[in-house]
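K.L.:
Below you'll find the structure I mean.
The values are calculated or read from the model by the stated rules, or taken from the named source; none is laboratory data. In this text the structure is predicted, and so the values were computed from the model without any measurement. No Cβ is skipped: glycine too gets one built from the backbone with ideal geometry, and neighbour counts run over all protein chains shown. The protein model used for the area step is the full one, side chains on, heavy atoms only, and it has no ligands, DNA or RNA in it. Shrake-Rupley method; radii C 1.70, N 1.55, O 1.52, S 1.80 Å.
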Amino acid sequence: MAKNFARIAFATGSATLALLCWAGPAIAQAQNAGGGIEEVVVTATRRSEALSKVPESISAFTTDQMDTLGVKDFSGLAKYTPGVTYDPSSHDVSIRGVDSDAGSATTGIYIDDTPIQIRNLGFNSNDTLPGIFDLERVEVLRGPQGTLFGAGSEGGTVRYITPQPSLTDYSVYGRGELSFTQDGAPSYEGGVAVGGPIVDDKLGFRVSAWGRRDGGYVDLVNSGTGATTDSNTNHTDTYALRGALTWQPIANLTITPAIYYQHRDENNIDDYWIGLSNPGSGDFRTGTPEPMQDKDHFYLPSLKMDWNLGDVELISNTSYFKRDESVNGYSGTLYNLSYFQQLVDSNSDPWGRTCTAGLCAAYAGLRHPPPLLLPAGFDLPGYPDNYVSVATITNEQKNFTQEVRLQSTDPNARFAWIAGVFYSTNQQRSIEEINDPQLPELNQYLWGETLQRSWGEDLLPNGDDYINNTDGHDRQIAGFVNATFALTDTLKIQGGLRVASTHFDFNNYADGPQNFGFSNGRGSHDETPVTPMAGATWQFTPDNMIYATYAQGYRIGGANAPIPPSCRGDLRALGLTSAPESYDSDTVDSYEVGTKDKLLGGRLQVDGSVFYLNWDNIQQNNYLPTCGIQYTANLGKAVSKGFDVQGDYLVTDSLSIDFSLGYTDAHYTETAFAGPNPKPGNQPLVGDGDGLPGSPWTYSLGGQYSTNLFGRDAYIRADYTHTGRTRDNVPELDAITSSFDPVLVADQVVNEVSLRAGMEFGDIDASIFADNLFNSHPVLDVNHQDSFTLLDEAHTIRPRTIGITLIYRN
């Protein structure tokens, strides 16, 4: 089939397609009345356009497509989206290799026209992502979107588009599911959405309610006794409510107030202890004594007004996003024992004083030398209690967003344009605290000293031995314009510009023994980023297009909280007297050439692109290992280059094939040092040629056969997805860098096969499915607290899951 694709591409003149389209997955779309593939309409350019006419690399998934694939969240979508990888632990979305856990977000996350991505203000600031229910579609825009979507859309943008109330037609959508995971607990869900006119052509509504339990498959055990204390501990409950009204008081004016609420409660993370588990037998265990919970909920009230004035349309979007998350972002037990292990191993107390007679008595008598952590548990002989310390991260967001734009309405006009103003003010709080009421007892066990002697301070009144509280404020106002001009009937040029004024400030305090006392500080940073874009499109036949674009993206700079005294040794080792007070924006310049083609009378649709990204002045975290604190600085440059292709082929009226393929080569292009270079012993943060996180290869292939069985419409579908082995040359695996860890390994290849077969009973689609059919269990994200710790953790994909889904549409 690859050779046939190439011949077709050369015959139509699409050289890019000929270079790219040799294999695949996108999503098989419904057959339209003309026998071709049904067109998907997107709003990636802030106006409704057919996907095949938008000169950008976009994947769009409708509700019907996501139901057919069994997608429940973004991790499911990522498997079918070329050039995109997703980390379920950190909720990071990487598009074309642009991803960072430092500073501001690199991927824009939108619910309709509201950005909800979070700044990495403190430790473990994770984005929240909506569940997949009652959505019109999800759009994934690859490449910088700085002109139309602004700050944070540096690598690309993910847009969750909700259905709007109808003023003319009633509709009902419902979904229920029950499934069983091998060696795990069952999962189940139920949801319903209803909408339609209250007053014909004047007032309409849509409401939905949905809930889901994802059953666990990792057991929590007592690492000392081996007894199971919580079976299938990694279960998650999610539920969402949404309501919207559309009011049309006069012709051509619609007003749509809406509210969206979602609550997600993860009882424990998917990580398992490698030393306690046997994945080949379906035995996944963790001995981390405190559940690693994540309780996350948000409210999103919004108001949209759309006034069609004939030749122009005025659109206003007002929203307020309030989110609260309490997450055990890391194990306080494992972190503390790992940290203390280094101090005991160096035969010194936390201040670096060498143990002598009368000091560190525990080291000499109450216990044997380290390690405190072994591969399958703790090594604390003679310690009277089960040691438990709980680390909690609190993330709070309060974001107000207002956008007003004016745009032309005639899609066939020679000159089409959009101009707008965007304003947002975001309040964010990050609180990191370690609650450790047993620290006085453990301190005596390890050093034979009081907390005052070892750390210079007692526990805080609530039992915390560390707290770091940062309140941040982002404010930006921006003006943007984008215009397309048709030079001829087939050739168009496009240009855009966004000019923003941004401000960030913070207040911080930290306290507790592990901070060596109270500290506080504040800082601010202001910038005026300018992000341009330009492009050209040649629609050389009604069904075939070639485009070329240049676009820039950015994320806002910021400021650093003060570094505690315990970090001074780390800073001196880098040749620094202090951490930088602030850091600037970084930018991505993108160059893309692509093609969109309909072939074989519309039965084959293929989109492909090649790209080159230049990422400059990268915001990166520098971790100070002795004190366990990090700060953000602009360090290094990187490039990302590759290609992506996706398509659908309606082989016959009954058989359809969909495919996608993505390749991304993202790597640093210079060696970057956190401190002055050269300096003896100063290792680089990253090396020239080191890879950025993510898989270079992703692809998928799906096929669906439809037939009539016992007088009813029926179908069977098979999907195969592949995520390649992650890079072996990331900084953590490069021996020259300061973050090198000889124990860590690259993620294994992930191959998944799923099957689904269904039949329609009137308005009900009933299907049975098997996900991860061959029960693959690749070892992913091997991690431990530091390079001295023998206790390693990892996670894998959900084991084989078999179930039944019922979907009602009317």
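K.L.:
Using a 1.4 Å probe and counting only protein heavy atoms, arrange Ser326, Ser424 so the residue with the most accessible area comes first.
P.N.:
On the way: Ser326 55, Ser424 5 Å².
I get Ser326, Ser424, largest accessible area first.
K.L.:
Sticking with this structure for a sec: Using a 1.4 angstrom probe and counting only protein chains, how large is the accessible area of Ile657 in Å², to 10?
P.N.:
Near enough 40 Å² of accessible area.
K.L.:
Which value, in Å³ per residue, describes the convex hull spanned by the Cα atoms of region 468-511?
P.N.:
On the way: hull volume 3.2 nm³, N = 44.
Convex hull volume per residue, Cα atoms: 73 Å³.
K.L.:
Sticking with this structure for a sec: Could you please report the charge total around Asn336, scoring K, R as +1 and D, E as -1 over all other residues with beta-carbon less than 9 angstrom from its beta-carbon?
P.N.:
Working: positive: none; negative: Asp436, Asp465.
Summing Lys/Arg as +1 and Asp/Glu as -1 gives -2.
K.L.:
Which trypsin sites (Lys or Arg not before Pro) in region 705-810 pass both tests, a DSSP loop state and at most 15 other beta-carbon atoms within 10 Å?
P.N.:
Numbers: sites: Arg712, Arg717, Arg725, Arg727, Arg756, Arg800, Arg809; in loops: Arg725, Arg727, Arg800.
Answer by residue number: Arg725.
K.L.:
Can you work out the Karplus-derived ³J(HN,Hα) for every residue in region 759-775? Use 6.51 cos²θ - 1.76 cosθ + 1.60 with θ = phi - 60°, whole Hz, and x for glycine or proline.
P.N.:
Per-residue couplings from phi come out as 8, 9, 10, x, 8, 10, 9, 10, 9, 10, 8, 9, 9, 6, 3, 8, 6 Hz.
K.L.:
Tell me, what is the per residue accessible area of region 235-317 in Å², probe radius 1.4 Å?
P.N.:
Details: 3520 Å² over 83 residues.
Using a 1.4 Å probe on heavy atoms only, each residue of region 235-317 averages 42 Å².
K.L.:
Straight-line reach from Lys295: which aspartates and glutamates have Cα under 14 Å away, leaving out those fewer than 8 places along the same chain?
P.N.:
Asp127, Asp237, Asp265, Glu266, Asp324, Glu325, Glu396
K.L.:
Largest first, what is the accessible-area ranking of His235, His473 with a 1.4 Å probe? Present the calculation step by step, with values, prior to reporting the outcome.
P.N.:
Details: His235 40, His473 65 Å².
If we order His235, His473 from most to least accessible, we get His473, His235.
K.L.:
While we're looking at this one, here's another question. Any chance you could check the Cα centroid distance between region 400-433 and region 474-489 for me, in angstrom?
P.N.:
If you average the Cα positions of each part, the centres end up 11 Å apart.
K.L.:
Answer with a single label: of [x] 13, 39, 34, 12, 3, 0; [y] 14, 37, 28, 15, 5, 0; [z] 15, 48, 31, 6, 0, which was calculated as P(r) over Cα pairs in 20 Å bins from 0, in percent from the structure in view?
P.N.:
Computing P(r) over Cα pairs in 20 Å bins from 0, in percent and matching it to [x] 13, 39, 34, 12, 3, 0; [y] 14, 37, 28, 15, 5, 0; [z] 15, 48, 31, 6, 0 gives [z].
K.L.:
At 1.4 Å probe size, what's the solvent-accessible area of Asp644? Round to the nearest 10 Å².
P.N.:
10
K.L.:
On the accessible surface of the chain, probed at 1.4 Å, how many percent belong to carbon and sulfur atoms? Provide the component values of the computation, followed by the final result.
P.N.:
Details: 17490 of 31000 Å².
Its accessible area is 56 percent carbon and sulfur atoms.
K.L.:
Roll a 1.4 Å probe over the protein chains and send me the accessible area per residue for region 468-596 in Å².
P.N.:
Values: 5270 Å² over 129 residues.
Here the residues of region 468-596 average 41 Å² of exposed surface.
K.L.:
List, largest first, the extents of the alpha carbons of region 237-324 along their principal axes, each in whole Å.
P.N.:
For region 237-324, the Cα spread along each principal axis is 68, 24, 16 Å.
K.L.:
Local charge sum around Thr587 (other residues, Cβ-Cβ under 10 Å, Lys/Arg +1, Asp/Glu -1)? Write out the running numbers ahead of the final one.
P.N.:
Values: positive: Arg555; negative: Glu154, Asp584, Asp586, Asp589, Asp616.
In short, -4.
K.L.:
Please give the FRET efficiency for Thr669 paired with Asp200, using the beta carbon to beta carbon distance and R0 = 45 Å, rounded to the nearest 0.05.
P.N.:
Details: r = 61 Å, r/R0 = 1.36.
Efficiency, rounded to the nearest 0.05: 0.15.
K.L.:
Here is a further query. For region 434-511, what are the per-bin percents of Cα-Cα distances with bins 5 Å wide, up to the bin holding the maximum?
P.N.:
Going from the shortest bin to the longest, the percentages are 3, 11, 12, 10, 7, 7, 6, 6, 6, 6, 5, 5, 5, 4, 3, 2, 1.
K.L.:
Lys72: which lysines have alpha carbons under 18 Å from its alpha carbon, excluding same-chain residues fewer than 8 sequence positions away?
P.N.:
none
K.L.:
So, one more: Out of every Cα pair in region 182-313, what percent are spaced more than 22 Å from each other?
P.N.:
Details: 4897 of 8646 pairs.
Result for the distance tail: 57 percent.
K.L.:
Over its Cα atoms, what ratio of radius of gyration to 2.2 N^0.38 Å does region 473-588 give? Don't jump to the answer; show the numbers that get you there.
P.N.:
On the way: Rg = 23.1 Å, N = 116, 2.2 N^0.38 = 13.4 Å.
Rounded to two decimals, the normalised Rg is 1.73.
K.L.:
Oh, and also: With a 1.4 Å probe and all protein chains in place, put Val40, Val481 in order of accessible area, largest first. Show your work: numbers first, answer last.
P.N.:
On the way: Val40 10, Val481 70 Å².
The residues order as Val481, Val40, largest area first.
K.L.:
Placing one identical point scatterer on every Cα of region 145-229 and ignoring solvent, what is log10 I(q)/I(0) from the Debye formula at q = 0.19 Å⁻¹?
P.N.:
Results for region 145-229 at q = 0.19 Å⁻¹ read -0.91.
K.L.:
Okay, next question. Taking the Cα atoms of region 45-142, what is the range of coordinates along each of the three principal axes, in descending order and whole Å?
P.N.:
Largest to smallest, the principal-axis extents are 40, 29, 24 Å.
K.L.:
How much accessible area does Tyr583 have with a 1.4 Å probe, in Å² rounded to the nearest 10?
P.N.:
Counting only protein heavy atoms, the figure is 10 Å².
K.L.:
Now for a separate question. Pulled fully out, how much extra length does the chain show between Met305 and Ala718, if you take 0.36 nm times their separation in residues and subtract their Cα-Cα distance? Display every interim value, and only then the final one.
P.N.:
Numbers: separation 413, 0.36 × 413 = 148.68 nm, distance 4.27 nm.
Difference between extended and current length: 144.4 nm.
K.L.:
Once every DSSP H run of n ≥ 4 in the chain is given -39500 (n - 2.57) and the sum is divided by its residues, what mean residue ellipticity at 222 nm do you get, rounded to the nearest 500 deg cm²/dmol? Before the final figure, lay out the partial values.
P.N.:
Working: 9 runs with 67 residues, N = 810.
Using -39500 (n - 2.57) per qualifying helix, the result is -2000 deg cm²/dmol.
K.L.:
When the convex hull of the C-alpha atoms of region 367-463 is computed, what volume per residue in Å³ does it have?
P.N.:
Numbers: hull volume 22.6 nm³, N = 97.
Spread over its residues, the Cα hull of region 367-463 gives 233 Å³ apiece.
K.L.:
Quick one: which of Lys79/Lys641; Lys596/Lys641; Lys598/Lys641; Lys53/Lys322 span more than 28 angstrom between C-alpha atoms? Mind showing how you got there, number by number?
P.N.:
Numbers: Lys79/Lys641 20 Å; Lys596/Lys641 20 Å; Lys598/Lys641 26 Å; Lys53/Lys322 36 Å.
Distance filter (> 28 Å) returns Lys53/Lys322.
K.L.:
Compute the separation of the alpha-carbon centres of region 635-708 and region 81-153 and state it in Å as a whole number.
P.N.:
16
K.L.:
Where Lys and Arg each count +1 and Asp and Glu each count -1, what net charge lies around Gln182 among other residues with Cβ under 10 Å from its Cβ? Write down the numbers at each step before the final one.
P.N.:
Details: positive: Arg798, Arg800; negative: Asp183.
Every neighbour counted, the sum reads +1.
K.L.:
Same structure, new question: Could you list log10 I(q)/I(0) for region 368-416 at q = 0.14, 0.20 Å⁻¹, which the Debye formula gives when each Cα is one point scatterer?
P.N.:
-0.69, -0.87
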